[in-house]
Amino acid sequence: MMHISELLYHAKTQLLTPTLSATLLTACQQELEETAQEYIQLDYQQGKHALSKLLTEAQQGALEEAERLFRQCLEHILRFSYPRVLCFCFRQFYGQSPADGSWDAELEQALYDRPHPQDPWVSMEYQSDKQQAEQLLEGLATQVGEEAQPHVESVIVAWETWTELFFFHAFYFGYRSGLYWLEQFSPVQGLSKMMERVILTEYALGITLPQVEQELHRELRMRRQKVQPPGGSRQPGVGKKSPRGDAPGQGACCSMADTAPGAMDAPSRGRK
């Protein structure tokens, strides 16, 4: 007898793989490199290099374990975000009104309401892995000497920032997947009936921007390039900012969207 639940679980694990999580993480890192927060990636790389010489073997093991757990957290985020966003996309298509009558409020909730133990979409594994990773890095920060502390802080800031951005990328991957399946289901009508909502959703994600904002961001990037110090070096742990504090919509979320099912069949909707 065929076990449908086993087949569905197999299909899910074949799509939402560690490789996909790594691809989305790379997109998050590329997004930061294209903004005023490019220092986060640079600080992380310099910090890891310095720590490889400053930490004991046991401390290095704790650092590696913390990073493994953070990568595992991203896999959990992808797994609980994907079905949530598929439902959001399908409800937009079929015109089912949100509970409070506002799509904007529901989108904001899906993007910014961070997981908590009572959230039915969130696995307990996510909570456990995240807590362990944070405890390992916090413990490491109290053990190391003054020279190593800024580098540990750079690692902490990098993973906090990447995780925050990962929610946006995981959301958009699920959203584009939903659009792809809807387009397959309704090839004649297509998605024209909900295109306005799609544009508003992508604007909320910072993927689609009005021309005036695109011109402003290009000007800001040119100004940063002119004042950037040689080599782009800076003091680790200085001037940390919110992950999306630099002109939302100027990252690589759209570039990674081509990993979603059917993205190669759809016209490019980027901001780069």
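Structural remarks
- In the context of the full protein assembly, THR208 retains an accessible surface of approximately 40 Å², using a probe radius of 1.4 Å and ignoring ligands and nucleic acids.
- Within the range 144-219, chymotrypsin sites (Phe, Trp or Tyr not before Pro) in DSSP loop having at most 11 other beta-carbon neighbours inside 10 Å: none
- Listed peptides 11-20, 79-88 appear in the order 79-88, 11-20 once ranked by packing, highest mean of other Cβ atoms within 10 Å at the front.
- Dividing the C-alpha radius of gyration of the range 133-187 by 2.2 N^0.38 Å, with N its residue count, gives 1.92.
- Computed with a 1.4 Å probe over protein heavy atoms only, the accessible surface of the range 51-96 comes to 46 Å² per residue.
The values are calculated or read from the model by the stated rules, or taken from the named source; none is laboratory data. Just so it is clear, the model here is predicted, and its values are computed rather than measured. Here Cβ is always computed from backbone atoms with ideal geometry, including for glycine, and neighbour counts include all displayed protein chains. Side chains are part of the model used for accessible areas, which takes the heavy atoms of the whole protein and leaves out ligands, DNA and RNA. Shrake-Rupley method; radii C 1.70, N 1.55, O 1.52, S 1.80 Å.
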